[in-house]
Amino acid sequence: MTGLRRRATFALSLATGLALLTAGCGGDGDDTAGLPAEENVDEPADAGDDGDDGDEEAPDASTGDDSTVRLGILGQCEGPFGGFHEDVVGGTALAMVNHAGATVNSTTSALDGFSGAEVAGTPIELVGIGCGDDTPDRILQEVRRLVEQLDANVIIGPLSGDEGLAIAEYAKANPELTVLAGISGSQEQTLHVQAPNYFRFYGDGAIWNAGLGDILHNQEGWDTVAVIADDYSFGHTSAGGFIADFCAVGGDVTHRVFPPLGTTDYSSYIAQLPDPDEVDGYFWAVGGTGTQASLEAFVNAKGDLTGDQHAGNLFFNPDLAQALGTDIAGAYIGGFATLPGDVQTPAIEEYLASADDTWETLPGSLSGNEPAPPSVAAAFGFFYGYYTAGVALVEGLAAVDGDISDKDALHAAIGGLTLELPYGDISLDENRSGIVDVGLSQLAVNDDGEIVQETVAIVPGVDQTFGGTFSPDTPSPSRDFPECEERDLPWEGNAIPVVDGVPQQ
Amino acid sequence: MTATLQRASAGPTTRRRRAELRRLPAWAVAAAAVAAAVWVAFLADGTPAGAAVTDPGNFVVTLLDAVTFAGLLFVAASGFTLIFGLMRTVNMAHGSLFLLAAYVAIRVQEAMVGRSRNIDASDVGLLDWVVPMLVGATVAAVLGLVIQQVFLQWNEGQELRQALITLAITVVLADQMLREFGGLAGRMVWPGAVTHFFTIMGERYALTRVFMLGVAVLVGVLLWLWLNKTSLGMVIRAGVDDRQMVRGLGINIKRVFAVTFFVGSFLAGLGGVLGASFAGVAPGTDGDWLLNALVVVIIGGLGSIKGAVAGSLLYGTVVAFAPAYLPSQYSFYAIIVTFALLAMVLAVRPYGLFGRPA
Amino acid sequence: MTARRLLTRGNIGLALLVVVLLAMPNLASAFFVNFVLTQTMMLGVAAATIVFLARYGGMVSLAQFLLVGVAGFMFGNAAVEGGARGLNLGMNPWLAVVFAIVITTAVAFVLGALASRTTGLYFLMLTLVYAVIGFFVFAQIVELSGPGGITSIQRPDLMGPPVRLYYAGLVLSVLVYLGFKALGRATFGLTLQGVRDDPIRMASLGYNVPMHRTLAFTLAGFVAGLSGVLHVWWNGQIDPASIAIGPSLILLIMAVIGGISYFEGAWLGAFVYVLAFTYLRDLPLIDQIGITEARFNTVIGAVVLLIMVLSPEGLAGIAARVWRRVNKPASAAPTAPAGGPSSAA
Amino acid sequence: MTQTTPAPAVPAIADPVIQVRSVVVAFGGLLALKGIDLDVTRGERLAILGPNGAGKTTLFNVIAGDITPTDGTVAIKGRDCTFLPSRHRPRLGMARTYQKARSFDGLTIRENIYLALAGHRGRHWPLWRSPVDRRLDEEATEVAESVWLGDHLDTAAGELAHGQKRQLELGMAIATQPDVMLLDEPASGLSRGERERLVELLDSLAGEVTLLLIEHDMEVAFSLSQRVVVMADGAMVTAGTPEQIQSDPDVHEIYLGVEASS
């Protein structure tokens, strides 16, 4: 009964199989001795059972040809950060324009890439843009596509924390590859994985709250605080940074509440927080729809949000939370991607102007993916993080004089860089994670009566260990780690105040 | 013959035992319910909320949370169950309609208030909330009707095919909404008139939540009146009970189906606007609310409005009570209690509390 | 079975296809084999469990990818040693495989038993709820899932070179395909089809209908678990997002594209999906018509919509129809149990 | 106990195979059966007559275990089976057919009958075929031939004509060689010739088979049965030999009259 169907479908499968076989082979008609598929992409190619037949080049020259940097960028075109795809690609493209003499292929979209980038005689060619969706599985597929199919030898990205961990592991298994993380914020990708070819010229999610504890405890007089954060790695990391900072300077965290992702009604979790007269303040790290819903649940159950009792990470800002009434003026917000958006220095102005010179418009996320002046996107951390990675690639190449055949030398050169960038210098620690300047801001009421975010301090030289709270031997930040311990922070008391957008050096 | 008869009538003891055995799941559920009630009332020390007898304020607030959230669940699930009841169509696009209505309403409200951020509740008049709600729900209803007319009307009865068609539509709609409305969370602002607080048992409570419950009750009452007091409604109700009969009555079934889909989608849209006011919306909210609607109707029974009420109340109760009354170190596992609820209901009534086999 | 009966055109076709696939590592690029084909094999096996349940049991399951994930998590917990994530049981990798499969099968048994008295659409929705709750369970019980996933999962040394993983997937695929096919004529397969067509009649013939459904789901879970182990070997990591609702839907979409009542359709659907995912954006000028990688979901959704509107039997069904038309004079082919599962609702 | 039975003229019988006592079935508020008592003796051939909605099929479903009665008991071969699920009936030697033919449409005729055989023998789980299956297939072939379906062994049941479906239904019932058979309108929708064949087939069954049959067709019912029970409106009205029933004016009024007008 089913015989006919079976035969037919076999015929079809067979036909497609054969058709694709040709497609899969691509254009290379050279002799392919041995099994190309044996090529061990998960382990060093030289560690194993091959190498005996000495075939010229594997198909598509996937291992050789070190005369060109074939760059792949990992963005996110789907998922919660899908709107930032244009931004992040734009960041790297601008770095190529400003530092490697490239020109962009389109003046209205960054996704069309750039051409003509060259450093010390070595061209940088954009081979592909990976399209993540905020999940590690997807970004692994994308990076494999870029590396194994399109032969990328340098990767810039990814964007989010869990993706970063997966890509760092991938980099570790593929030592020939060079990866410069975008703004991926998980701690472990550098602190624990320690892949020698994985660099992040940027802070992690914990760093962004560095210095907040110093201000709140020593300046505002908070001794006790309750923390509420998303119950997943980014929430844990963000809360962990704040807890490490606040406790290090002598404060105490009395409550930690972690509402699960996907919570719609936060009231049961808000009920677990102490009442306003029981603690000095609250720290918020709830993102997505939860930002609004959790703050509103707080207002419903505990009372209005006031500036002297609340602080938060990047999500705690008036663009994301309507529930923040004008009483919130005075509340502190952790740095976001080290970008104090309202600070104006000559270097920053020059950087923003260069973006406006490069494109006519960019449909970045901040403008709702509608065409807008490129400086809007460039002044935001997502764009900037990919910019720093691009600059690092250019300067690393310059340091080895364009010779990328010796990966160890290239990686050593990149690891030793100190980048002089518009929003502050960035160097790397021994785990190749950025030591950066963190900008802290405060909410204020502007002349129109609207709540806006103003930079009030820049905390220089923040590294990811928080004076030893986090180390390669400690677990990842979690519901109960880090514990609340007093310790010395290198940046305690070093915050540079910012008044009206001007750092008071 | 007497001998055999005696053997047969020796049955009663066996019979009673069998009958009890059969009711065993029901007993287990009853026991679990009683245990949970006793736990909440007396034993729940060391939980975030504390035992109800020692901390009645927390209990009352949790109860209010449960009931008000159940109101939102009901609005979101009623349209789903209505459509299924009459047409046996599992409308997987229900969550998409929910989200679309929310996005549209947010846009309309922003336009009416005249600003897109920092909207204060005091800026929002009742009309600034009601009009966007009706516009959003109508857009969802029209889209629902289009989906029904174009994709579902001609393949009626092919239930799986319809479910997969609406699933595919969901995938497309989610992607297009991401493109159109971006990835950031959006929110409706409650009208200033209801943004107040009152005190109950010494605890502060928000009027907006009670208002939300009021809207839900109003929707429920209107739905009931429509289904029970209008001729069209009675046809639909009869159709839920016996689909063959409606066909036999010589009614224009196509029109009835179209109206039902319109109303069901409208209800999804109302739910979306309420949800956007209550908790905000973002990409992924569609899936969350499809899930919420599914859980409600699986508990309550597909196709039953009564079941939607019961399912909403039960599910809302679990959502509110589990994090508050699980021992503090276990409150992370509140979501698993939802699964336990589902398992218990399915063990006793595989087709839900008020459901019948298809 | 006589040799002559073995020499059907279908079997010859299968043999040919297998030969071609065995030779693929010599013919195609490494990426095509290690990425496209290996994924096709793994996902095809998982999708075949959907087809198995739908075709024989009338149950369309959205929980199969959850079971793939359970196996992956369990393997990760069992095999990883000294990492910062998961249980770190540090078992021998092969023992870990056994452990993962046993747990997955047990989970499938429990889930199947809970769902065993429901059919049709109820089953579809219940398994959708399973998939979502499964995600939350792993997201919340961080002892099992990380926190944030289990990484650095190594495959056994025997499976070291990626091409061996491909062969493992191919062998498993052939076994699963033949096994499921043969099962359709064996007692359990026949009883299951009886349950699909008329559960009440089956009960009056003396069969324990819920138990049959439960065991079918358990068997499907066992096979999905095998696919899950391969998958985690291939991917090297697993996290809660791996088993979120998205991947579960994609697996169902693969089965639907291929044809949910054809076993061939499982692999065909997986192949077409992976192919489209990998190469569609490389087509010249494809972005000119509004199809960029960012809108991939719209394309996939539209394709599924088109298939469900035109031919609910998927690509395999279309192929069968074409074949029938070509061979029309030869035989009045019986109509396929079109949308068979839906008729059991 | 027979004394309390409201239904008159139930002859005292020896060796009862089916004993139904005060069975009540309520669907919501509707009483489908209002206290039925019935004894069927071994080897007896009993026909149940009655207009639509009389509760015949409900009574069948209670005896077959598809419905658990709201009140009352059912005993089969002296064993209380009131709460015994239907799937345990075949082991007691019982088989039934359904009013609306319930065959497995996706399977062939041979496979349909195979399932009846395998279900009866408790062979439910094997994952591969074995010589046992070949024997069962042969048996199934024989059964199919006995119900004149030998030419259609590999035809899917879903493609059978209505009459053939009824033949298959019957084949599945007799395949297990039951000693109690419940046949729900076996002749409905059959042509005259098919009816004659059906009667012939049922007549040919071994004498000790107890036959319980619902039938609309008087001719078939009277030619097959030794005793006839008439039901109306969920209750038993009268019982007797076919001759008695045929000449009973009450029956003509409540049953035949009603049927003629409907």
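The values are calculated or read from the model by the stated rules, or taken from the named source; none is laboratory data. Not measured: the values here are computed from a predicted model. Methodologically, a virtual Cβ is constructed for each residue, glycine included, from the backbone with ideal geometry; neighbour enumeration extends over all protein chains shown. Protein only, heavy atoms only, side chains kept; ligands, DNA and RNA dropped before computing areas. Shrake-Rupley method; radii C 1.70, N 1.55, O 1.52, S 1.80 Å.
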query: Somewhere in segment C:80-92, is a residue farther than 26 Å from C:Phe135 by Cα, open to solvent by 50 Å² or more (accessible area, probe 1.4 Å) and either within 14 Å of chain A (Cβ to nearest Cβ) or hydroxyl-bearing (Ser, Thr, Tyr) (or both)?
result: no
message: Restricting to segment C:123-141, name every residue that is closer than 19 Å to C:Arg196 by Cα and within 9 Å of chain B (Cβ to nearest Cβ).
response: C:Leu124, C:Met125, C:Leu126
task: Look at A:Gly467 and say whether it is surrounded by 15 or more Cβ atoms within 10 Å (Cβ to Cβ) and more than 27 Å from A:Asp308 (Cβ to Cβ).
output: yes
message: Cβ contacts < 6 Å: first residue within 14 Å of another protein chain (Cβ to nearest Cβ), restricted to segment D:139-166; second residue acidic (Asp, Glu), any location; separation 6+ or different chain. Result?
response: D:Ala157/D:Asp105; D:Gly158/D:Asp105
- prompt: With respect to the numbered conditions (1) within 30 Å of C:Val304 (Cα to Cα); (2) surrounded by 21 or more Cβ atoms within 10 Å (Cβ to Cβ), which one is the sole condition not fulfilled by B:Arg187?
  reply: (1)
- prompt: How many of the residues in segment A:417-463 are without any contact (Cβ under 8 Å) to a residue 12 or more places away in the chain and of a type outside the set (Val, Ile, Thr)?
  reply: 6
statement: C:Val272 passes all but one of the listed conditions (1) modelled with pLDDT of 90 or more; (2) within 14 Å of chain B (Cβ to nearest Cβ); (3) open to solvent by 10 Å² or more (accessible area, probe 1.4 Å); the exception is number (2)
- prompt: Of all residues in segment C:188-208 being surrounded by fewer than 23 Cβ atoms within 10 Å (Cβ to Cβ) and part of a helix (DSSP H, G or I), which is modelled with the highest pLDDT?
  reply: C:Phe188
- prompt: Can you name the condition, by its number, that A:Pro374 falls short on among (1) in contact with a strand residue (DSSP E or B) (Cβ under 8 Å, 6 or more places away or on another chain); (2) under 26 Å from A:Gly164 (Cα atoms)?
  reply: (2)
statement: Only unsatisfied item for C:Ala266, checking (1) of a type outside the set (Ser, Thr, Tyr); (2) outside any helix (DSSP H, G or I); (3) modelled with pLDDT of 95 or more, is (2)
message: Looking at the structure I just gave you, is D:Leu31 under 22 Å from D:Asn61 (Cα atoms) and either in a loop (DSSP other than H, G, I, E, B) or at pLDDT below 90 (or both)?
response: yes
- request: Report, by residue number, each residue of segment D:114-132 that is at the interface with another protein chain (Cβ under 7 Å from one of its Cβ atoms), open to solvent by less than 50 Å² (accessible area, probe 1.4 Å) and not basic (Lys, Arg).
  value: D:Tyr114, D:Leu115, D:Ala116, D:Ala118, D:Gly119, D:His124, D:Pro126
message: Quick test of your reading of the structure: D:Glu169 fulfils all but one of (1) in contact with a helix residue (DSSP H, G or I) (Cβ under 8 Å, 6 or more places away or on another chain); (2) open to solvent by less than 10 Å² (accessible area, probe 1.4 Å). Name the failing condition by number.
response: (1)
- prompt: Before we move on, is A:Ala329 closer than 19 Å to A:Ser441 by Cα, surrounded by fewer than 19 Cβ atoms within 10 Å (Cβ to Cβ) and touching a strand residue (DSSP E or B) at 6+ places or on another chain (Cβ under 7 Å)?
  reply: yes
- prompt: Taking segment D:40-49 as the region of interest, how many residues are open to solvent by less than 10 Å² (accessible area, probe 1.4 Å) and more than 11 Å from D:Leu212 (Cβ to Cβ)?
  reply: 1
task: Mind listing just one residue for me: the one in segment A:231-278 that is of a type in the set (Asp, Glu) and open to solvent by less than 20 Å² (accessible area, probe 1.4 Å) and, of those, farthest from the other protein chains (Cβ to nearest Cβ)?
output: A:Asp245
- request: From the list C:Gly148, C:Gly120, pick out the single residue that is at the interface with another protein chain (Cβ under 9 Å from one of its Cβ atoms), at positive phi and buried (at least 24 other Cβ atoms within 10 Å of the Cβ).
  value: C:Gly148
task: Please tell me if A:Ala195 is closer than 20 Å to A:Val394 by Cβ and in contact (Cβ under 8 Å) with a residue 12 or more places away in the chain.
output: no
message: Looking only at segment D:231-253, count every residue that is among the polar types (S, T, N, Q) and assigned to a helix (DSSP H, G or I) and tell me the total.
response: 3
field: Unmet criterion (only one of (1) in contact (Cβ under 8 Å) with a residue 24 or more places away in the chain; (2) open to solvent by less than 20 Å² (accessible area, probe 1.4 Å); (3) more than 30 Å from C:Gly146 (Cα to Cα)) for C:Met211
entry: (2)
message: Looking at the structure I just gave you, is C:Tyr177 open to solvent by 10 Å² or more (accessible area, probe 1.4 Å), within 8 Å of chain B (Cβ to nearest Cβ) and aromatic (Phe, Trp, Tyr)?
response: no
task: Can you tell me which residue within segment C:22-59, out of those that are open to solvent by 30 Å² or more (accessible area, probe 1.4 Å) and in contact (Cβ under 8 Å) with a residue 40 or more places away in the chain, is nearest to the other protein chains (Cβ to nearest Cβ)?
output: C:Arg55
task: For A:Ala355, state whether it is of a type in the set (Gly, Ala, Ser) and either touching a Cys at 6+ places or on another chain (Cβ under 6 Å) or without any contact (Cβ under 8 Å) to a residue 60 or more places away in the chain (or both).
output: no
- request: Go through C:Gly134, C:Gly149 for me and flag whichever is within 26 Å of C:Val274 (Cβ to Cβ), touching an Asp or Glu at 6+ places or on another chain (Cβ under 8 Å) and in contact (Cβ under 8 Å) with a residue 60 or more places away in the chain.
  value: C:Gly149
message: Just the residues that are open to solvent by less than 20 Å² (accessible area, probe 1.4 Å) and either facing another protein chain (nearest Cβ under 7 Å) or assigned to a loop (DSSP other than H, G, I, E, B) (or both), please, taken from segment B:168-182.
response: B:Ala168, B:Ile169, B:Asp175, B:Gly182
query: Any idea which residue in segment D:99-108 is modelled with the highest pLDDT, counting only those that are under 18 Å from D:Pro186 (Cα atoms) and more than 7 Å from chain C (Cβ to nearest Cβ)?
result: D:Ser103
